Amino acid sequence: MTRIAVISDVHGDVHALQDALAHIAKLGCEKIVCAGDLVDFGRFPEKTVALLRQRKIPCVQGNHDRWAIGNGSAAFPDPIEDASGWDASGWSLSSSTMTFLEALPATIRVTIGGVRILLCHARPGSDMEGIYEDAPSSTVIEGWFESCNVDVILVGHTHAPLVRRIKGGRLVANPGMLMREPRNAIDPAMLFDKASGKFVRLEPILGTFGVFDTEKREFVVRRIGSDEIMDVQAR
């Protein structure tokens, strides 16, 4: 059995990353992977990237990482005033960090414990279009599994934990957002609540990561520093 810790959307929060790594060590996970968005939103992108590099954690490039190196129009391009203790401002990252972000792959494929895994940021072929409980269709996702020749797809991007099962024992999973301390307040997402039939605003879930068990083929979502296993809807 191998337990793989999955983190994503760290967004420059080095303290959340440090605490998550300590929690993951206590759980006895053998491997750690990161589904992208290492920078932006948080106060410590330089320290965050440095820690990921120091721990040699495999990472894919997220859309915010891509924006940071100038490949596309950034959603948050305005410079931010430096504040005491912050290690970077706006997109003013060191050349070493920029080189590291630029070299990150869009996908990582690995076979662990006989399980073929694809790691990407949002979905195969896109770092902007996410995967949700009801979109895209199972037929579309089944096509990804066939074309990519994998058993499990691990993603991030949406900031929402997700476990979605596809026929044949295959699995799509999202650990949610690791960041806990954004530089500025994050607007709650406007989501459609099927129970009430209305659009509602929900606070984002912060500080979560996932653990995938290759033997049981189970994915659980945990909150940093808590023994609780979050109740994530499975399909």
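Measuring between their Cα centroids, the stretch 7-44 and the stretch 136-167 lie 22 Å from each other. Using a simple spin-label model with pseudo-atoms 7 Å out from Cα toward Cβ, residue 54 and residue 217 lie 3.9 nm apart. Other residues within the sphere of radius under 12 Å centred on the Cβ of residue 214, judged by their own Cβ, net out at 0 (K and R +1, D and E -1).
Read-outs: derived from the displayed coordinates by stated rules, not from any lab. Fair warning: this is a prediction, and the values are worked out from it, not measured in the lab. We place every Cβ from the backbone using ideal geometry, glycine too, and count neighbours over all the protein chains shown.
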